[in-house]
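Undergrad: Dumping the structure here so I can ask a few things about it.
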Amino acid sequence: MRTKVVNSAVEALALAKARGVLKDGATVMVGGFGLCGIPEHLIVALRDSGVKRLTCISNNAGVDDFGLGLLLKTRQIAKMISSYVGENAEFERQFLSKELEIEFNPQGTLAERIRAGGAGIPAFYTATGAGTVIADDKETRAMLRPSEGIGGATIPGRGFGGRSGTAPQSGQPRDYVLETGLYADVALVKAWKADAFGNLVYRMTARNFNPMMATAASVVLAEVEEVVEVGTLDPDTVHTPGNYVDAVVKTTPEKRIEQKTVRK
Amino acid sequence: MPLSRDQLAMRAAKELRDGYIVNLGIGIPTLVANHIPAGADGQKMDVWLQSENGLLGIGPFPEESRVDPDLINAGKQTITARKGASFFSSSDSFAMIRGGHIDMCILGAMEVSEKGDIANWMIPGKMVKGMGGAMDLVAGVKKVVVTMEHCSKDGKSKIVPECSLPLTGRRCIDMVISDLCVLKMDHDKGLFRLIEVAPGVTVEEVKARTAAKIIVEGDVPVVGV
């Protein structure tokens, strides 16, 4: 079996370049929630690769001197697709001066768009954001809740045979917004353990967006803390099967904490 | 006397029920975890707190020696996981939220409309930080409770006929707990009903400081906190 383990984050990025997907104008997914579970070294290597005009899909945008904040400082990002970007002064400056384009997605919609993209689903309906600016220029359609369309049909007038709910708001069609799946050129993810086949295991809340992103890009690069022998990960505990992953790099992450809170 | 932040949290905690799965927003809602009431057996109610970054079963803040950068809540604070907790991805977390598997969420608001719309994520012309998980929570959680100041700093009612700010969700708020009163959505009438007033606050005062149309009928009890 050919190993997917490479020696450095730079080497991992070079693989994405060699495959022709990492170039100026590329779309890159970056895992993490805040600074938790971000691929620190791959982000630095992405900066050092010098690619420009990137679209970055990431829940947050790092802080000024860490995480994706590093690529904002060097102006390598043209557009962010995120749900919350509150902790970054350089981001705010570029946003207010319109140097940076930003597409806000509700966090669950962002997660599901990535999941759908990786699962081969081009679009889906969600109640999130119906009747708000998020639904502007998108198709909205009235359907019953899946829990009320028992037997399958959730679109009124198409053979709905379910029971009506008892709560006043139940049993009535509600508005759902059509959202599209997301797929990137490259995904940078952070896991805890990997083996040479690329099987990944995440740790606690550092899992967050990483497993979906690992399914939704042409080339998937994983930064991990430990590489173990093939066969030592319990198949029942593998979160991301190895076929999704193109390269694995072992690093020693800093794991910076945004808000340390302790018991008083 | 209008309710203090802690009293707002105490009143909101009275909406908890034994076994509830609950998501708490940042600010006053976070304080609700300090006021989980006793259940029928006199023990503290068994309430499970969900964190949308992928944890069901938030525990207390860690001891200094047990701080772990891989274990944070949605406010990015270091936390612990309680016995019986589970970790999952963001898509699983929001499947839980949108799919109606969370009993209640408590969150703050800039404006709430008389029909139950909420605005709490952006002010046009100002820096927009994003909605995070708020739109998913108000769209999917079974019972949505807002804790907020009744009026803005310049004295304007935040409970309004129609929200002027961009919405987070439409027709989704079940209860508003403000420093002046408690309003409960009457889903048949499609308006909020005044169910409690803060100690020392009169019904007339609530009406005078509320721009929205609300239902006021009979005697209105005082909030017990």
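The values are calculated or read from the model by the stated rules, or taken from the named source; none is laboratory data. None of the values given here were measured: they were computed from a predicted structure. Cβ sites come from the backbone with ideal geometry, for glycine too, and all protein chains shown count toward neighbours. These accessible areas exclude ligands, DNA and RNA; they are computed on the full protein's heavy atoms, side chains included. Shrake-Rupley method; radii C 1.70, N 1.55, O 1.52, S 1.80 Å.
Undergrad: What FRET efficiency, computed as 1/(1 + (r/R0)^6) with R0 = 45 Å and r the Cβ-Cβ distance, is obtained for residue B:213 and residue B:26, rounded to the nearest 0.05?
TA: Details: r = 30 Å, r/R0 = 0.67.
Efficiency, rounded to the nearest 0.05: 0.90.
Undergrad: Quick check: pseudo-label points 7 Å beyond the Cα along Cα→Cβ at residue A:24 and residue A:141, how many nm apart are they?
TA: Once both label points are built, they end up 4.1 nm from each other.
Undergrad: Moving on to the next point. Where the only charges are on Cβ atoms (+1 Lys, Arg; -1 Asp, Glu), what is the dipole of the protein assembly as shown about its Cα centre, to the nearest 20 debye?
TA: Working: 57 positive and 58 negative charges, 87 e Å.
Result for the protein assembly as shown is approximately 420 debye, rounded to the nearest 20.
Undergrad: Given a 1.4 Å probe and no ligands, DNA or RNA in the count, how much accessible surface is buried by A and B, both sides, to the nearest 100 Å²? Write out the running numbers ahead of the final one.
TA: Numbers: alone 13390 and 11570 Å², together 20660 Å².
Counting protein atoms only, the buried area is about 4300 Å².
Undergrad: Would you mind computing, in nm to one decimal, how far apart the modelled labels at residue B:188 and residue A:1 are, each placed 7 Å from Cα along Cα→Cβ?
TA: That separation, rounded to one decimal, is 6.4 nm.
Undergrad: Give the accessible surface of segment B:5-215 per residue, rounded to a whole number of Å², with probe radius 1.4 Å and ligands, DNA and RNA excluded. Walk me through the intermediate numbers first.
TA: Numbers: 8440 Å² over 211 residues.
It amounts to 40 Å² per residue over segment B:5-215.
Undergrad: For segment B:5-215, give the magnitude of the charge dipole about the Cα centre (Cβ charges: +1 Lys/Arg, -1 Asp/Glu; no others), in debye to the nearest 20.
TA: Values: 26 positive and 26 negative charges, 85 e Å.
Magnitude of the dipole: close to 400 debye.
Undergrad: So, one more: For residue A:135, what is the net charge nearby, where nearby means another residue's Cβ is under 11 Å from its Cβ and Lys, Arg count +1, Asp, Glu -1? Please list the in-between numbers first.
TA: Details: positive: A:138, A:141, B:170; negative: A:136, A:137, A:139, A:175, A:179.
Surrounding charge for residue A:135 is -2.
Undergrad: Compute a Gaussian network model of chain B, connecting alpha carbons closer than 10 Å, and tell me which residue from B:183, B:137, B:165 fluctuates the most.
TA: B:165
Undergrad: Right, next: Residue separation times 0.36 nm, minus the C-alpha to C-alpha distance between residue A:11 and residue A:52: what's the value?
TA: Numbers: separation 41, 0.36 × 41 = 14.76 nm, distance 1.87 nm.
Answer, rounded to one decimal: 12.9 nm.
Undergrad: Inside 10 Å of the C-beta atoms of A:32-42, what's the mean count of C-beta atoms belonging to other chains? The partial results should precede the final answer.
TA: Values: counts 1, 9, 7, 3, 10, 5, 0, 0, 0, 0, 0.
Across the residues of A:32-42, the mean count of other-chain Cβ atoms within 10 Å is 3.
Undergrad: Between their Cα atoms, which of B:44/B:83; A:17/A:98; A:23/A:138; A:23/B:76; B:129/B:184 are more than 21 Å away from each other?
TA: Values: B:44/B:83 15 Å; A:17/A:98 29 Å; A:23/A:138 30 Å; A:23/B:76 33 Å; B:129/B:184 30 Å.
Result: A:17/A:98; A:23/A:138; A:23/B:76; B:129/B:184 exceed 21 Å.
Undergrad: How many Cβ atoms of partner chains, on average, are near each residue of B:155-163 if near means within 10 Å of its Cβ?
TA: Neighbouring Cβ atoms belonging to other protein chains average 0 per residue here.
Undergrad: Continuing with this model, one more query. For the protein assembly as shown, what proportion of DSSP beta bridges, expressed in % and rounded to the nearest 5, is antiparallel?
TA: Working: 33 of 81 bridges.
If we restrict to bridges inside the protein assembly as shown, about 40 percent are antiparallel.
Undergrad: Can you pull the percent of Cα pairs in segment B:5-215 with separation above 25 Å? Provide the component values of the computation, followed by the final result.
TA: On the way: 8629 of 22155 pairs.
In whole percent, the long-distance tail amounts to 39.
Undergrad: If you don't mind, there's one more thing I want to ask. How are the Cα pair distances of the protein assembly as shown distributed, in percent, across 10 Å bins from 0?
TA: 4, 19, 28, 25, 16, 6, 2, 0
Undergrad: Rounded to the nearest 10 Å², what accessible area does residue A:65 show when all protein chains are kept and the probe is 1.4 Å?
TA: Spelled out: residue A:65, probe radius 1.4 Å, area about 80 Å².
Undergrad: Let me ask something additional. Report, for segment A:1-91, the % of DSSP beta bridges that are antiparallel, rounded to 5. List each step's numbers first, then the result.
TA: Numbers: 2 of 9 bridges.
Here the antiparallel bridges make up roughly 20 percent for segment A:1-91.
Undergrad: So how much slack lies between residue A:262 and residue A:119, counting 0.36 nm per residue of separation and subtracting their Cα-Cα distance, in nm? It would help to have the intermediate numbers written out before the result.
TA: Values: separation 143, 0.36 × 143 = 51.48 nm, distance 3.96 nm.
Taking residue A:262 through residue A:119 to full extension adds about 47.5 nm, to one decimal.
Undergrad: Calculate one ³J(HN,Hα) per residue across segment A:189-202 by plugging θ = phi - 60° into the Karplus curve 6.51 cos²θ - 1.76 cosθ + 1.60, and present them in order as whole Hz with x for glycine and proline.
TA: 10, 10, 10, 8, 10, 9, 10, 5, 7, x, 4, 10, 10, 9
Undergrad: What is the mean number of Cβ atoms from other protein chains located within 10 Å of the Cβ atom of each residue in peptide B:82-94, rounded to a whole number?
TA: Working: counts 0, 0, 0, 1, 0, 8, 5, 13, 19, 14, 5, 7, 10.
Going residue by residue through B:82-94 and averaging, the value is 6.
Undergrad: Report the Cα centroid-to-centroid distance between segment A:18-41 and segment A:179-209 in angstrom, as an integer.
TA: 11 Å
Undergrad: Quick one: of the DSSP bridges fully inside chain B, what percent are antiparallel, nearest 5? Write out the running numbers ahead of the final one.
TA: Numbers: 20 of 38 bridges.
Taking every DSSP beta bridge with both residues in chain B, the antiparallel ones total about 55 percent.
Undergrad: Carbon and sulfur together cover what percent of the accessible area of segment B:5-215 at a 1.4 Å probe radius? Kindly include the intermediate steps, with their values, before the conclusion.
TA: Details: 4310 of 8440 Å².
Answer for segment B:5-215 is 51 percent, counting heavy atoms of protein chains only.
Undergrad: Residue B:30: accessible area at probe 1.4 Å, nearest 10 Å²?
TA: Number for this one is 60 Å².
Undergrad: Right, here's the next one. Report, please, the projected area of chain A averaged over directions, based on the convex hull of its C-alpha atoms, in nm².
TA: Working: hull surface 73.0 nm².
Mean shadow area of the hull around the Cα atoms is 18.3 nm².
Undergrad: Something else now. How large is the convex hull of the Cα atoms of segment B:1-116 per residue, expressed in Å³ as a whole number? Spell out each step's value before the answer.
TA: Details: hull volume 17.4 nm³, N = 116.
Once divided by residue count, the hull of segment B:1-116 is 150 Å³.
Undergrad: Where does segment B:103-225 land on the Kirkwood hydrodynamic radius, alpha-carbon pairs, in angstrom?
TA: Details: mean 1/r = 0.0685 Å⁻¹.
In segment B:103-225 this quantity evaluates to 14.6 Å.
Undergrad: Please list B:66, A:47 from largest to smallest accessible area, probe radius 1.4 Å, with all protein chains kept in place. Spell out each step's value before the answer.
TA: Details: B:66 150, A:47 75 Å².
So the residues, ranked largest to smallest area, are B:66, A:47.
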